[in-house]
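Reviewing the structure listed below.
The values are calculated or read from the model by the stated rules, or taken from the named source; none is laboratory data. As the structure is a computational prediction, the values presented were derived from the model and not from experiment. Quick reminder, even Gly has a Cβ in these numbers, built from the backbone with ideal geometry, and neighbours come from all protein chains shown. SASA here: full protein model, heavy atoms, side chains in, ligands and nucleic acids out. Shrake-Rupley method; radii C 1.70, N 1.55, O 1.52, S 1.80 Å.
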Amino acid sequence: SFHVLAAIISLVFAPIAMYVQKGGTAHRRWGKAYFWGMVVANLTAFVLLFYRFNIFLLGVTVLSLYAAVTGYRVLFRKRPSSGTNANWFDWSIAAATLLMALALIAWGGTALLGGSPIGIPAGGDVPIVFIILPIVFGLMIGQSAITDLLAFRKPPASRRWWWYYHMDRMLGSYIG
C-alpha cells in the first residue's frame, strides 16, 4: 500500500540524512525525502485508522506527524531576531495538536470513569490499556504543543536553539 511504501522510504532515507554532512545539499535532499515520506505515511495512517481504529497507533501517528512537521518547520524559524517568527501555520498545527492531546486525555479519563469512548467496553471491564495509553500519549503530545506555543510567544535566546530542536523532533519522528 501507499502507506507502507511511504514508511519504508522514510525508514531508509532518514539514516542517510543523518549520515551525510549537516546543512549540505545531500542532507537537505535526503531530509526532505524523509520528511515528505513521513507526512504521507502519517496522513495515510489517519485514513487507515478510520477503517480500523487502534488507540496506540493514533497516539503514535499524532506524535510522529507533529514531531516531523515541527522539526522541519523550525528551519524556517531559525532566526527570530530577523523576523522569521512562527506564522499562522505553526500556531495552527500546535493548537490543533494540543486539542488532540486534550481529546486523548479526556478519552482516558472517560474510560477511567467507566464511560465508553468509541469502541471500548463500558463499566468495570474497561481494559487498563484504554485508560493509560490515551492519557500518556495525550500528556506527551500536549507537552510538545504547549512548549511550542510558549516558544512562539518568546523565542529562545540561544543562537543554536533551532539545531537542538530540529534534532530532537526529527529523531523523535523517526522513532515513531
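At-a-glance table
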| item | result |
| --- | --- |
| Residue in the range 80-91 that is farthest from Ile9 (Cα to Cα), counting only those that are in a loop (DSSP other than H, G, I, E, B) and in contact (Cβ under 8 Å) with a residue 40 or more places away in the chain | Asn85 |
| Criterion violated by Met18 - all others in (1) closer than 30 Å to Val129 by Cβ; (2) buried (at least 16 other Cβ atoms within 10 Å of the Cβ); (3) at pLDDT below 95 satisfied | (1) |
| Test: residue in the range 48-56 that is among the aliphatic types (A, V, I, L, M), modelled with pLDDT under 90 and either within 23 Å of Val129 (Cα to Cα) or touching a strand residue (DSSP E or B) at 6+ places or on another chain (Cβ under 8 Å) (or both) | yes |
| Pick from the range 134-165, criterion in a helix (DSSP H, G or I) and among the charged types (D, E, K, R), ranking: farthest from Met18 (Cα to Cα) | Arg153 |
| Pairs with Cβ under 6 Å, 6+ apart, first in the range 48-64 and buried (at least 17 other Cβ atoms within 10 Å of the Cβ), second of a type in the set (Phe, Trp, Tyr) and not in a loop (DSSP other than H, G, I, E, B) | Gly59/Phe137 |
| Of residues in the range 92-130 being open to solvent by less than 20 Å² (accessible area, probe 1.4 Å) and part of a helix (DSSP H, G or I), the one modelled with the lowest pLDDT | Ala111 |
